[in-house]
Amino acid sequence: MRILITGGTGSLGYALTRDLVDRTEHEVVIFSRDEFKQSWMREHFPDPRVDFILGDVRDRERVVAACRGADAVVHAAALKRIDWAARHPHEVYRTNVEGTWNVLQGAREWAGVGNTGSRVILISSDKACYPINAYGASKFMAEQMVVQAGQTVVRYGNVLGSRGSVLPRW
């Protein structure tokens with residue numbers, strides 16, 4: 001099985017990659033726009049089953065190409081900082097909403113995800129359940145598109161050890 005992880009250099013992507021490499025025989029493809037974190041991850045995962053693609057979910061053609069051959073897509077790419085979302089709502093919309101649309105379209109075009117029993121899994125946020133800010137609203141919209149496409153949404157909240165979590169502040 002070939003699993004594509006968008007935003008794969010983030011906290012969740014790293015943990016998921018570690019678990020997949022340690023516990024399965026699956027191939028893992030990390031899709032991210034951060035070449036520094038990709039280089040760092042490549043050093044930590046020298047396994048030939050782990051591949052890296054530099055790209056941004058805002059770039060539809062790049063997403064479509066990354067989805068080629070994927071059996072499942074874990075869509076974790078997002079702008080997540082509430083303070084920045086309030087200051088730059090259009091940028092958050094472009095990444096979190098349009099990026100999700102690009103992932104759904106890319107998965108459908110190349111991999112037939114959803115048509116062949118494969119899945120797109122959106123990593124969403126607890127802030128989408130009652131959105132009161134631009135970030136929560138963008139994740140709510142992303143969830144609606146994923147559900148409408150017959151795919152899966154899971155919510156990932158303030159997890160200890162994840163980048164940007166408020167738990168260490170408390």
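See the values below:
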{"read-out": "Kyte-Doolittle mean at least 0.0, axial Cα span of 20 Å or more - DSSP H helices of the chain", "value": "134-148"}
{"read-out": "Residues of type lysines that K139 reaches as a straight line, Cα spacing below 21 Å, ignoring anything fewer than 8 places off in the same chain", "value": "K80, K127"}
{"read-out": "Mean Cβ neighbour count within 10 Å, used as a protection proxy, ranking 39-50, 58-69 highest first", "value": "58-69, 39-50"}
{"read-out": "Pair N133, S11: separation of 7 Å Cα→Cβ label points (nm)", "value": "1.4 nm"}
{"read-out": "Full-stretch length increase - L54, R42 - with 0.36 nm per residue and alpha-carbon distance subtracted", "value": "3.1 nm"}
{"read-out": "Distance-filtered residues of the stretch 20-45 - backbone nitrogen under 18 Å, label point 7 angstrom along R81 Cα→Cβ", "value": "33-37"}
{"read-out": "Alpha-carbon centroids, the stretch 1-65 and the stretch 136-158: separation in whole Å", "value": "21 Å"}
{"read-out": "Carbon and sulfur %, accessible surface of the chain computed with the full protein complex present, 1.4 Å", "value": "54 percent"}
{"read-out": "Selected from T152, T17, T100 as most flexible by GNM, with the chain as the system and alpha-carbon contacts under 10 Å", "value": "T152"}
{"read-out": "Helical mean residue ellipticity (222 nm; -39500 (n - 2.57) per DSSP H run of 4+; nearest 500) of the chain", "value": "-10500 deg cm²/dmol"}
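The values are calculated or read from the model by the stated rules, or taken from the named source; none is laboratory data. The model shown is predicted, which means the values in this text are computed figures rather than measured ones. Methodologically, a virtual Cβ is constructed for each residue, glycine included, from the backbone with ideal geometry; neighbour enumeration extends over all protein chains shown. All accessible areas refer to the heavy atoms of the entire protein, side chains included, with ligands and DNA or RNA removed. Shrake-Rupley method; radii C 1.70, N 1.55, O 1.52, S 1.80 Å.
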